[in-house]
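The values are calculated or read from the model by the stated rules, or taken from the named source; none is laboratory data. Source: prediction; values computed, not measured. Here the Cβ is made from the backbone with ideal geometry for all residues, glycine too, and neighbour counts use every protein chain on show.
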Amino acid sequence: MKHHEKEIIHRMVYHKGYAVRMEQVLIDPDHPRGILVRVFDLDRIDDIREAIDRGYLDYAASYGVLYRMVQVAKGRANTLADSGPKRIRTLVVEAGSHAVEMEIEFSQPGSPWGAGIRPDDSERSHAAYQALKRGDLETAAQYGKVYRLEPVEVEPAAEPWRPTERLPQPNHLPD
């Protein structure tokens, strides 16, 4: 990466029927003065979720583009929970103006693949992504619930709301 270049990665945050497309700016390690640029962190996700929980959509939109997730296809039933204890997680795969919410199983740390998404679930998520990319919602619905991402018309707040930035607590209590 050159000194004047920066790499931006888009990331979607999903919460309670909404999605926010955020930008993650990566730090240029080669910059001689070590200028810090805005970097994606978990506190921003918590702030978005809390703003949506409280109904502050303008504050959620201040972090990026805000979408409402409108379900357009029910998708197939969960087949992962039928045998034994498993580590099931929800994965949302997005392409264009649609997304598929699907359940995946994490492999255990002692498995041959190590801890992480199982290879067949990785293939399923890739197939769902390819179906969305082609606009084939019927095929995408075979992997999970299909949503249309509709932009929410709301004026973003001037400054992002950051409830996670709290004043430091005093080290001692008054007598």
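One residue is enough: does the stretch 18-41 have a residue meeting the conditions of a type in the set (Ser, Thr, Tyr), assigned to a loop (DSSP other than H, G, I, E, B) and either surrounded by 12 or more Cβ atoms within 10 Å (Cβ to Cβ) or at pLDDT 90 or above (or both)?
In the first step, residues of the stretch 18-41 are kept if they are of a type in the set (Ser, Thr, Tyr); the result is 18.
From what is left, the residues that are assigned to a loop (DSSP other than H, G, I, E, B) are none.
No, the conditions are met nowhere in the stretch 18-41.
How do the pairs read when you match residues in the stretch 94-118 that are assigned by TED's automatic domain parsing to the domain that holds TYR129 with residues anywhere that are at pLDDT 85 or above and among the basic types (Lys, Arg), using Cβ under 6 Å and keeping only pairs 6 or more apart or on different chains?
ALA95/LYS133; HIS98/ARG148; GLU101/LYS145
Test TYR67 against the stated conditions and say whether it is more than 30 Å from VAL154 (Cβ to Cβ), crowded, with 20+ Cβ neighbours inside 10 Å and at pLDDT 85 or above.
For TYR67, the condition - more than 30 Å from VAL154 (Cβ to Cβ), crowded, with 20+ Cβ neighbours inside 10 Å and at pLDDT 85 or above - is not met.
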